[in-house]
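> Here it is, the structure, as structure tokens.
The values are calculated or read from the model by the stated rules, or taken from the named source; none is laboratory data. Not measured: the values here are computed from a predicted model. So basically every Cβ, Gly included, is an ideal-geometry build from the backbone, and we count neighbours across all protein chains shown.
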Amino acid sequence: MIKVRKQWWSIILLASLLASAFVSPTGAAQSEPERADTLKIAIPGPIEDPTNFNMTNWSADRSRTGLHQFAYEYLFYDNLQTGEFIPWLAESYEYNEDSTALTVKLREGVTWNDGEAFTADDIVFTYDLMRENPSMSWADVASAAVESVEMIDELTAQFNLAEANPRLHLNREAFPAVGIWGGITILPRHIWEGEDPLTFLNNPPVTTGPYVLADATQSSVTWTRNENWWVTDVFGVTPGPKTIQMLYLGAETNVALALVNDELDTPNIGILSAGSFQEVARRNENVRAWETEAPYSWSDPCPRAMMVQNVTPGLETPEVRRAISHLIDREAIVELAYEGTTVPAWGIWPEYDANLPYFEAIGDLREQYPNETYDPAKAEELFAEAGVEPGDLNLRFLVNADSNEDMKSTAVIADQLIAAGLNIEIQPLSGSVLDDTIRRGEYDLKVHSFCPGYIVENLDLFHSDNFVEIGEMAPWYERNSFRYQNPELDAIIDQMFQVAPEDSETLIGLYEEAMAIWLADMPVVPIVQAPALVPFNTTYWEGWPTAEDPWNMPVSWWATFNLVVNGYPNPDTGEWVGGIKATGT
């Protein structure tokens, strides 16, 4: 088990710093003139195919490449930190009286980076293309939710829904709005028409975004500023960085050294441990995280839960899954794997203020099913009730070999389960092999994040509509790759989707009904809230969101990072908010 304590990690990092003589791990000197114009972001692993920029067929990495942060843009952005729903490529949306159609007004003046106008026809083309190619990213979900899209005029698109749904605008898998990670991406008809979307490399990508592709390797993707970006004409705003680089620097110590030496501006989530961050911040006063004191982290909206393959013999009964949950000491995981930067989780939702009324409504259910408590005696009782001997369970524990966080938490959990008598085989995988293995359900246990973080949408991840047999590709990792089915829960979720988001009273009542089923079934095992320990370096760039100035979410791997870099118009006043700037300007 990994048991590197903070003080030992500080010694290791300090030795690495001294040995490096402050030479950047990239070999670049601090005096390079272009450094002051460049935003550098560390990614957690190499890019498998740097020639492929087609993220609509699952083959290209939209996040590590920067493709959905700096190239593609979306109709709306949801700022979870402030609660703002921000119009971007679109200006407004409106449902008809029975919520069976959604009309979107596009913003005038938006263009693709080759100069062609962005119109409603591109939206119609994208949805038609997904319907014709159901294996495209989220095409099955989008086609099930949206019956058709009509171009009313060049700046007006009407989404005709398969059924009444007053929540379509919040569904990243069916609508071009971004709340967290990803979203339906609108494609330019004049580029994609006639291309096979399953083989097209989309290189270089034609997008509406502020940056264009300059170069790509397995360890680095470089974007340069689009000097003809439509936002500059419409809003008079120019992005601060002339260049953005997504860099794979290898080991955690390399990332730490780059931050100390001012050769890096921010890393993705899960790369730096608390110990290494503290040592970096001690050696470079310009490096800070969301909080200036422990736990330092921003609360990411994707809590960590252990997916349990519900059709695996021995795991198919709720009592066994709940027993396994009681064998997990979450406080030990917080201490050993996360170094105190997070808290245990009882469910799959972030602890945001907007969610608290829902959580308070199920206090009695949480007392009835305290599944998050470490209670070996209760686990023994549940195993006996299910007629299962812990020693008869031989489980494959899949882990992302490229993720420091996953490797650490998996090691701690596996040790706890082994100590309780279960037979655990840790299976490290990465890249497309890992992705396929998860979605085909060829695992028994796997720690994963649960997004998008909304009450209803997270419950929908467990809907039987997403169920496929082992070996077939599940719609998405957390979208029932763990093969759970319960028609009673399905019926409640279906009702929730007929309720407008602002009708919280009705939704809370339905949530109580749903959680009476979910907590008893325990289809996945909640582990911890997700800490986003993502420090920023202000040597070259300032204006980052912080706990003192929480104007946005500090997450460089989400599509919303576009707004962190460039800012956005306040949806109420139109005043420009945020956007990083060169330090001292």
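> For region 516-538, does any single residue satisfy the condition of being hydroxyl-bearing (S, T, Y), modelled with pLDDT of 95 or more, farther than 30 Å from S135 by Cα and in a loop (DSSP other than H, G, I, E, B)?
Scanning region 516-538 turns up at least one residue that is hydroxyl-bearing (S, T, Y), modelled with pLDDT of 95 or more, farther than 30 Å from S135 by Cα and in a loop (DSSP other than H, G, I, E, B).
> Could you run through region 243-265 and say how many residues are touching a helix residue (DSSP H, G or I) at 6+ places or on another chain (Cβ under 7 Å) and buried (at least 17 other Cβ atoms within 10 Å of the Cβ)?
Total satisfying the criteria: 9.
> Any chance you could count how many residues in region 410-449 are under 19 Å from the mean Cα position of the chain (by Cα) and not in a helix (DSSP H, G or I)?
5
> Given (1) of a type outside the set (V, I, T); (2) within 27 Å of E291 (Cβ to Cβ); (3) part of a loop (DSSP other than H, G, I, E, B), identify the lone condition not met by N355.
(3)
> Determine which single condition P452 fails, assuming it passes every other condition in (1) at pLDDT below 95; (2) not aromatic (F, W, Y); (3) not in a loop (DSSP other than H, G, I, E, B).
The one condition P452 does not meet is (3).
> Now, a different point. Just the residues that are surrounded by fewer than 19 Cβ atoms within 10 Å (Cβ to Cβ) and either part of a loop (DSSP other than H, G, I, E, B) or assigned by TED's automatic domain parsing to the domain that holds F235 (or both), please, taken from region 113-128.
D114, G115, E116 - these are the residues of region 113-128 that are surrounded by fewer than 19 Cβ atoms within 10 Å (Cβ to Cβ) and either part of a loop (DSSP other than H, G, I, E, B) or assigned by TED's automatic domain parsing to the domain that holds F235 (or both).
> Further, regarding this structure: Of the residues F462, F467, which single one is aromatic (F, W, Y), in contact (Cβ under 8 Å) with a residue 40 or more places away in the chain and either assigned by TED's automatic domain parsing to the domain that holds Y352 or crowded, with 19+ Cβ neighbours inside 10 Å (or both)?
None of the others qualify; the one that does is F462.
> So which of S220, S273 ends up being touching a residue at least 12 places away in the same chain (Cβ under 8 Å), over 23 Å from E542 (Cβ atoms) and surrounded by fewer than 19 Cβ atoms within 10 Å (Cβ to Cβ)?
Unique residue meeting the criteria: S220.
> Would you confirm whether or not region 486-500 contains a residue that is crowded, with 19+ Cβ neighbours inside 10 Å, in a loop (DSSP other than H, G, I, E, B) and among the small types (G, A, S)?
no
> If you go through region 141-197, how many residues are part of a loop (DSSP other than H, G, I, E, B), over 18 Å from W88 (Cβ atoms), touching a strand residue (DSSP E or B) at 6+ places or on another chain (Cβ under 7 Å) and touching a residue at least 60 places away in the same chain (Cβ under 8 Å)?
The total comes to 1.
> Looking at region 334-343, can you tell me whether even one residue there is modelled with pLDDT under 95 and of a type in the set (F, W, Y)?
Yes, because at least one residue in region 334-343 is modelled with pLDDT under 95 and of a type in the set (F, W, Y).
> Okay, next question. Might you check whether a residue that is surrounded by 15 or more Cβ atoms within 10 Å (Cβ to Cβ), of a type in the set (D, E) and under 21 Å from S449 (Cα atoms) occurs anywhere in region 477-485?
Checked against the condition, which is being surrounded by 15 or more Cβ atoms within 10 Å (Cβ to Cβ), of a type in the set (D, E) and under 21 Å from S449 (Cα atoms), region 477-485 yields at least one hit.
> Tally time: how many residues in region 554-585 are more than 19 Å from A71 (Cα to Cα) and touching a Ser or Thr at 6+ places or on another chain (Cβ under 8 Å)?
1
> Regarding region 303-314, can at least one residue be identified that is crowded, with 21+ Cβ neighbours inside 10 Å, on the phi > 0 side of the Ramachandran plot, part of a loop (DSSP other than H, G, I, E, B) and not hydroxyl-bearing (S, T, Y)?
no
> Of the conditions (1) buried (at least 21 other Cβ atoms within 10 Å of the Cβ); (2) assigned to a helix (DSSP H, G or I), N552 satisfies every one except a single condition; which number is it?
If we test N552 against (1) buried (at least 21 other Cβ atoms within 10 Å of the Cβ); (2) assigned to a helix (DSSP H, G or I), just (2) comes out false.
> So if I check each of E285, E293, E351, which one is among the acidic types (D, E) and at pLDDT 90 or above?
E285
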